[in-house]
Every structure is written in C-alpha cells, then in structure tokens.
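The values are calculated or read from the model by the stated rules, or taken from the named source; none is laboratory data. Because the structure is predicted, anything quoted here is derived from the model rather than measured. So basically every Cβ, Gly included, is an ideal-geometry build from the backbone, and we count neighbours across all protein chains shown.
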Amino acid sequence: MIRMAMAGIGLALLHGSAVADYSARPAVQVYMDEVAEQHAFSPDELARLFSSAEKKQSIIDAISRPAEKTWAWHEYRDLFIQESRIADGVRFWEDNLEALEAAEAKFGVPPEIVVAIIGVETRYGRIVGRYRVLDALATLAFDYPPRAEFFRKELTQFLLLTREEGKDPLVPVGSYAGAMGYGQFIPSSFRRYAVDFDGDGVRDIWENRTDAIGSVANYFAEHGWQGAGPVILPAAQVSAELDALANESLALTHELAALRSRGLKVDTTLPGDTKVALFRFEGADGPLHYLGFNDFYVITRYNHSRLYALAVYELSQAIRARKVAE
C-alpha cells in the first residue's frame, strides 16, 4: 500500500524539508490508494508526485474571493471591456482567421465568441497562470474543504489527462483553480471537450492556437450553442414583483409570455413560449435588467457567473464591431 511505502519518505521530510509533504498525509494516502487501484497507476509514481506537490496559501486566498462574488457589474465590466482587449481581440481574430472560420463551419460558433472567451480567460494566451497544476489541485483537494470533493475529482482527471497525453504531471501550469491553456480548461473539460483541430495527433491547448480555438468552439457546441436569435436583451418596466425573480437561477426557468404578462418589456419577436432567464446587474447609475436566452445560458456553462457571461458577450460584440469597421 502507498501509505506504508511512504512512511520512510515522510520521516525523511521531517528532517530539513520546508515543503509540506502531501504524500505523508493520511487523507492523501487513502486517495493515492484509490487512484492506484481504480485507474492502474503505479503506487511509486503517485508517491513521487505527491511528495513533490506543494501547498500554496495564495491559491486558497484567491479562490476565497473571486471577482464574480465581490464586484458589482460596472466594476467587473471594467476589468474586461477595455480598449486594449478589444484591439488585441481583433488582432487575434486576424492572425487566426483560418482556424476561426473552420471552427465556425464545423461547430457553428461565431469567431467573436471564441475570441472573446480566450480574451477574457488569458488575454489571448498571454496570461495562462503561474501555478503548477498539480500544486493547485492538490492544495484545493486537500486544504480547501468547501470544494475538496470537486477538486479531488479534477485531480484524478489531471492524472489521467497527463498519462493519456504523455505529459509529465509536474510540468503543466495554469490558474489557481487548475485551469489550463488559452481557454483555461479544467482537466475534466480537457478530457471531454479538447480537440486535435489541426490533425497533428496531439490535443495541445497550451501552445497550439488552432487546437485551442477548436476546443473552445467544441465546448460551446456540446453545451447547446444555437447561434440563432438573441443572446441577451435589455428589459424594461421591471416591477418590484418581477425584480424579485431576477438572479434566481442561471437556467432558463421562465417563459417570455409569462414575464410580459406581468408588465416586462423587451424588444423581440420570439414566440411566447421561449425560455428565458431574468437578470439584474448593478450598473454605475442603478440596476439594469436583462433577459438571457439559450446562448447566454451556454456561455454560463463555461463559467457559472452571469457577470462573466455578460462580459464575454459584450466583449465579443465590441470586437466584432471593430473588425467590421476596419
């Protein structure tokens, strides 16, 4: 068993090492035993990896205060709808035109959406994260109880991913939450949605823009992107009764006709049985109300935040308008 094999290493690390040894911790030893048994990993290899993994307090600090939960919309918007990010988005589109057009043809997702996702996530590949993915996932799996179960599953997915893709688990870097590459895929998303879009036999979202573009587009297609009709529209005449329904859920839990019957105004000719969600955003001059439609919900599947989804959509429209005008 791994826990027995690691006893000597654990004692050795008590003498001089400043790095917390995950492999010596009982909970991690149980986890390693389970992974070795369920997925045929080498116990010695797992012991080596987890003796090298490091707890990062800065990761716990970061995940405890995400901007989506601490910023008002007008503040959050200013993080992403910037002149530099719009201009760089147009440049990224032009530099990767062939891949973006191919992705739209295959997956039905317009270039501006893919570009905006990559722009929001990593500033078009320039800021992809500074943590070793193993450190990030180990820290959150074993030292962040609120979401430990989720991150243990992602840790297992990461181990499987690196074995499947022939990568050293100690090498990939990513965000504080273990997200990777241009589009910041967590390990389970990589295994399910990443694609080899240039046909070279490798799924590379870290260095290969074509694979990254295809993978983001595939993610949206798999989550039900339709590409027809509005994504989100401003709503007016929102009574206190209707306002109480805002932000109940990201899911499309209302019908358009039902909200209109209660006074809501929105500029669309879609049928009354169209499923929608009602959102309230805190603008600089007061609350703003919007109706979200199917494709807005799909954007929230990438990051479960209405603020994130609106930022992506607004950035996408600003990039498209700039590109069309040039």
Subject >> Selected residue (criterion: nearest to the chain's Cα centre (by Cα)) from residues of region 99-156 that are among the hydroxyl-bearing types (Ser, Thr, Tyr) and under 16 Å from Tyr22 (Cβ atoms) >> reply: Tyr131
**OP:** Could you check His15 against (1) modelled with pLDDT of 95 or more; (2) farther than 26 Å from Phe158 by Cα; (3) not charged (D, E, K, R) and say which number it fails?
**Re:** (1)
Subject >> Residue that is surrounded by the most Cβ atoms within 10 Å (Cβ to Cβ) [pool: residues in region 215-245 that are within 21 Å of Ala311 (Cβ to Cβ) and of a type in the set (Gly, Ala, Ser)] >> reply: Ala217
**OP:** Report whether or not Phe296 is surrounded by 13 or more Cβ atoms within 10 Å (Cβ to Cβ), outside any strand (DSSP E or B), under 17 Å from the mean Cα position of the chain (by Cα) and assigned by TED's automatic domain parsing to the domain that holds Ser188.
**Re:** no
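Residues checked against (1) over 30 Å from Ala24 (Cβ atoms); (2) of a type in the set (D, E, K, R):
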| position | (1), (2) |
| --- | --- |
| Glu121 | yes, yes |
| Gly125 | yes, no |
| Gly129 | no, no |
| Lys167 | no, yes |
| Gly174 | no, no |
| Phe185 | yes, no |
Original post:
Out of (1) of a type in the set (Lys, Arg); (2) in a helix (DSSP H, G or I); (3) in contact with a helix residue (DSSP H, G or I) (Cβ under 7 Å, 6 or more places away or on another chain), what's the single condition that is false for Arg301?
Top reply: (3)
Subject >> region 107-165, residues that are among the charged types (D, E, K, R) and assigned to a helix (DSSP H, G or I) >> reply: Glu112, Glu121, Asp135, Asp143, Arg147, Glu149, Arg152, Lys153, Glu154, Arg163, Glu164, Glu165
Original post:
How many residues, within region 265-285, are in contact with a helix residue (DSSP H, G or I) (Cβ under 6 Å, 6 or more places away or on another chain) and crowded, with 17+ Cβ neighbours inside 10 Å?
Top reply: 4
Original post:
Is it the case that some residue within region 19-37 is among the hydrophobic types (A, V, I, L, M, F, W, C), in a loop (DSSP other than H, G, I, E, B) and modelled with pLDDT under 95?
Top reply: yes
Original post:
Going by the conditions given, is Ile63 out of contact with any Gly (no Cβ under 8 Å at 6 or more places or on another chain) and in the same structural domain as Lys167 (by TED's automatic domain parsing)?
Top reply: yes
